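Okay, so here's the structure we're looking at.
The values are calculated or read from the model by the stated rules, or taken from the named source; none is laboratory data. Nothing here was measured: the structure is a model prediction, and the numbers come from that model. Virtual Cβ from ideal backbone geometry, glycine too; neighbours counted across all protein chains shown. Note: accessible area is taken over every heavy atom of the protein model, side chains too, but ligands, DNA and RNA are not part of it. Shrake-Rupley method; radii C 1.70, N 1.55, O 1.52, S 1.80 Å.
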Amino acid sequence: MLDLRPTPTVRVTITERGGMLLDLRGRGRWYALTFSGALWWRYLAEGATVDEAADQVAALFGADADRVRADMRDLAHQLRDRHMLHVPARRRWHR
């Protein structure tokens, strides 16, 4: 899975019940996340890869890591299609 990061125009609110993503571009569309999805988003924002974040969520809940990885990859594809996640630009080496 590609290394994805939250798009800078997306704001997040995380509570004990889940999370809400707000896309500030255009009309400001909201996207609701489950609690596990909100934690996964937080791990992504902290620099984890999609699979690393899923593994952390799986460990926290004692869930099957393969199942959580598959679910979070699906979520990543949905959020990327909505331009809420992006592939970060690679830094170029300069002399």
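Within the stretch 52-68, being small (Gly, Ala, Ser) and either in contact with a Cys (Cβ under 9 Å, 6 or more places away or on another chain) or open to solvent by 40 Å² or more (accessible area, probe 1.4 Å) (or both) holds for ALA59, GLY62, ALA63.
Here is a list of conditions, (1) buried (at least 17 other Cβ atoms within 10 Å of the Cβ); (2) touching a His at 6+ places or on another chain (Cβ under 8 Å); (3) among the charged types (D, E, K, R), and ASP71 meets all of them except one; can you say which number that is? Status for ASP71: all satisfied but (2). How many residues, within the stretch 14-51, are within 23 Å of VAL87 (Cβ to Cβ), open to solvent by less than 20 Å² (accessible area, probe 1.4 Å) and not aliphatic (A, V, I, L, M)? Summing the residues that are within 23 Å of VAL87 (Cβ to Cβ), open to solvent by less than 20 Å² (accessible area, probe 1.4 Å) and not aliphatic (A, V, I, L, M) in the stretch 14-51 gives 5.
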